[in-house]
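S.K.: Take this structure, written in structure tokens, and hold onto it; I'll ask about it next.
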Amino acid sequence: MEEATKTLATTPLHSVHLASGARMVPFAGYEMPVQYSGLRQEHEAVRSAAGLFDVSHMGELWFSGDGAKAYLQHLLAGDIEKATEGRALYTCLLNDAGGIVEDLLVYGFGSRYMLVVNAANRAEVVSLVRGTLPDHVHFEDASDQTALIALQGPASDAVAQALGHDLSSLKYYHHRTLGFQGVEVVVGATGYTGERGFEWYVPSERAEALWTALMEAGQDQGLVPCGLGARDTLRLEKGFCLHGNDIGPDRNPVEAGLSWTVGWKTDFRGKAPLEETKSSGPAQKLVGFKLLERGIPRKDYPIVDDGGQPIGVVTSGTQSPSLGEAIGLGYVSASHAVKGGEIGISIRNKTIRATVTGIPFL
């Protein structure tokens, strides 16, 4: 582990995490904080007040030029027309078979666009772009020069106000540019917790100053630093997919319940096989479930029918801090993807009863 840790990348906030006593773990090639005061405390703070996350491992890719919009429209499954100036779009980049290479955000800045991609997939996306980019489209990978801080929770507006910025009129999936210590900061009303919040894209050299300023502004609002552990339980309670768990190159948006991210009237990579799946219906579907007996569902645990026959697999699972119940996501055969239906989760050679639920859980 020591040798592996030496090769890990760090974010511009690494020293802040260490000074705060965060427990650090390897994640997507980075050494990242998994928790500070504790997962439950951090989770509850975001649901009731506010939490601050370092998500600077995410990648920021910029596209500009007369052909940028057309290029991205062909590259991505979503309708880029919706990423107008000041708005953001959640969509997917597919492979030729319709599988999800990456799920991402598209921020629109008029004739410029910023794609926000997962750290684990950044290299693959950049390689694909460099291999397909037309000469008249300008591309810049600004990931290493950009830090990303996520302020999440119902008190987020009050924290921003204390910092001197009134963001109360910033609607969900909209963004604007602000000034901070002489530099431009993009603030988006986006996030992956299901709560009101803002993601702050700041030049790396100002990351520590912004983090400190936000923490000071949130002192009276119950703001706490949060790690990846709470980020995972928060997103799972809302049924948000995690690439590498719930979605990936072998799963398509129809199976994953992400058809709403697809611009079906546009032309994009992987459209034909995706339309076939939509027309014929997927063999498996991603569902939410709750355990009816004690146990914790984990990734790759088998899902079985009442006769013990395999019908799918768990992709994410946890003990929900908000609900006090064990919850999970998993793919099951379409015939078993019925809300209220009973399934079994194989945990240590024992079948634990579970019921299929709607998503989100909370």
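Every read-out reported here was derived from the displayed coordinates using simple, explicitly stated rules and does not represent laboratory data. What you see is a predicted model; the values in this text were computed from it and never measured. With ideal geometry, Cβ positions are generated from the backbone for all residues, glycine too; neighbour counts draw on all protein chains shown.
S.K.: Please find, within the range 1-60, the residue that is surrounded by the most Cβ atoms within 10 Å (Cβ to Cβ) out of those that are without any contact (Cβ under 8 Å) to a residue 12 or more places away in the chain and within 20 Å of Leu234 (Cβ to Cβ).
M.R.: So the residue we want is Met24.
S.K.: Mind checking which residues of the range 301-320 are aliphatic (A, V, I, L, M) and in contact with a Ser or Thr (Cβ under 7 Å, 6 or more places away or on another chain)? Break it down stepwise before answering.
M.R.: Here is the first cut: in the range 301-320, the ones aliphatic (A, V, I, L, M) are 303-304, 311, 313-314.
Hits for the range 301-320 are Val304, Ile311.
S.K.: Then there is this: Please give the number of the condition Leu214 fails out of (1) closer than 19 Å to Ala50 by Cβ; (2) exposed (fewer than 15 other Cβ atoms within 10 Å of the Cβ).
M.R.: Going through (1) closer than 19 Å to Ala50 by Cβ; (2) exposed (fewer than 15 other Cβ atoms within 10 Å of the Cβ) one by one, Leu214 breaks only (2).
Residue-wise test of (1) touching a Ser or Thr at 6+ places or on another chain (Cβ under 8 Å); (2) outside any strand (DSSP E or B); (3) among the hydroxyl-bearing types (Ser, Thr, Tyr).
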site	(1), (2), (3)
Trp264	no, yes, no
Gly295	no, yes, no
Lys299	yes, yes, no
Ser322	no, yes, yes
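S.K.: Moving to a separate point now. Have a look at Ala68, Ala77, Ala83 and point out the one that is surrounded by 17 or more Cβ atoms within 10 Å (Cβ to Cβ), in contact with a strand residue (DSSP E or B) (Cβ under 7 Å, 6 or more places away or on another chain) and without any contact (Cβ under 8 Å) to a residue 40 or more places away in the chain.
M.R.: Values: Ala68 fails: without any contact (Cβ under 8 Å) to a residue 40 or more places away in the chain; Ala77 fails: without any contact (Cβ under 8 Å) to a residue 40 or more places away in the chain.
Only one candidate qualifies: Ala83.
S.K.: Of all residues in the range 323-347, which are surrounded by fewer than 16 Cβ atoms within 10 Å (Cβ to Cβ), within 14 Å of Leu362 (Cβ to Cβ) and of a type outside the set (D, E, K, R)?
M.R.: Across the range 323-347, the qualifying residues are Leu323, Gly324.
S.K.: In the range 303-320, how many are farther than 19 Å from Glu237 by Cα and not in a strand (DSSP E or B)? Show your work before the answer.
M.R.: Initially, the range 303-320 is screened for residues farther than 19 Å from Glu237 by Cα, giving 303-312.
Narrowing further to those that are not in a strand (DSSP E or B): 305-309.
Result for the range 303-320: 5.
S.K.: Find the residue count for the range 235-253, including only residues that are in a loop (DSSP other than H, G, I, E, B) and either surrounded by fewer than 22 Cβ atoms within 10 Å (Cβ to Cβ) or on the phi > 0 side of the Ramachandran plot (or both).
M.R.: Filtering the range 235-253 for residues in a loop (DSSP other than H, G, I, E, B) gives 238-242, 244-246, 248-253.
Adding the requirement that they be either surrounded by fewer than 22 Cβ atoms within 10 Å (Cβ to Cβ) or on the phi > 0 side of the Ramachandran plot (or both) leaves 238-240, 242, 244-245, 248-251.
Count: 10.
S.K.: Also, quick follow-up: How do the pairs read when you match residues in the range 262-285 that are without any contact (Cβ under 8 Å) to a residue 40 or more places away in the chain with residues anywhere that are among the β-branched types (Val, Ile, Thr) and surrounded by 14 or more Cβ atoms within 10 Å (Cβ to Cβ), using Cβ under 7 Å and keeping only pairs 6 or more apart or on different chains?
M.R.: Final answer for the pair search is Lys278/Val254.
S.K.: For the range 115-148, name all the residues that are closer than 19 Å to Asp54 by Cα, crowded, with 16+ Cβ neighbours inside 10 Å and not charged (D, E, K, R).
M.R.: Leu115, Val116, Val117, Asn118, Ala119, Ala120, Asn121, Ser143, Thr146, Ala147, Leu148 - these are the residues of the range 115-148 that are closer than 19 Å to Asp54 by Cα, crowded, with 16+ Cβ neighbours inside 10 Å and not charged (D, E, K, R).
S.K.: For the range 118-139, give me each residue that is basic (Lys, Arg) and in contact (Cβ under 8 Å) with a residue 24 or more places away in the chain.
M.R.: The one that is basic (Lys, Arg) and in contact (Cβ under 8 Å) with a residue 24 or more places away in the chain: Arg122.
S.K.: Take Leu274 and tell me if it is assigned to a strand (DSSP E or B) and crowded, with 20+ Cβ neighbours inside 10 Å.
M.R.: Values: assigned to a strand (DSSP E or B): no; crowded, with 20+ Cβ neighbours inside 10 Å: yes.
So Leu274 fails the test.
S.K.: For the range 170-234, give me every one of the strands (runs of 3 or more DSSP E) that falls completely inside it and has 3 or more residues that are under 28 Å from Leu39 (Cβ atoms) and in contact with a helix residue (DSSP H, G or I) (Cβ under 9 Å, 6 or more places away or on another chain).
M.R.: Numbers: elements: 175-180, 183-188, 197-203, 223-226.
Those strands (runs of 3 or more DSSP E) span 197-203, 223-226.
S.K.: Let me ask you something else. Check Ala256, Ala160, Ala209, Ala230 and return the single one that is surrounded by fewer than 20 Cβ atoms within 10 Å (Cβ to Cβ) and not basic (Lys, Arg).
M.R.: Numbers: Ala256 fails: surrounded by fewer than 20 Cβ atoms within 10 Å (Cβ to Cβ); Ala160 fails: surrounded by fewer than 20 Cβ atoms within 10 Å (Cβ to Cβ); Ala230 fails: surrounded by fewer than 20 Cβ atoms within 10 Å (Cβ to Cβ).
The conditions single out Ala209.
S.K.: Take the range 91-122 and flag every residue that is of a type outside the set (A, V, I, L, M, F, W, C) and either out of contact with any strand residue (DSSP E or B) (no Cβ under 6 Å at 6 or more places or on another chain) or assigned to a loop (DSSP other than H, G, I, E, B) (or both).
M.R.: Applying the first criterion (of a type outside the set (A, V, I, L, M, F, W, C)) to the range 91-122 yields 91, 95-96, 98-99, 102-103, 107-108, 110-113, 118, 121-122.
Across the range 91-122, the qualifying residues are Asn95, Asp96, Gly98, Gly99, Gly110, Ser111, Asn118.
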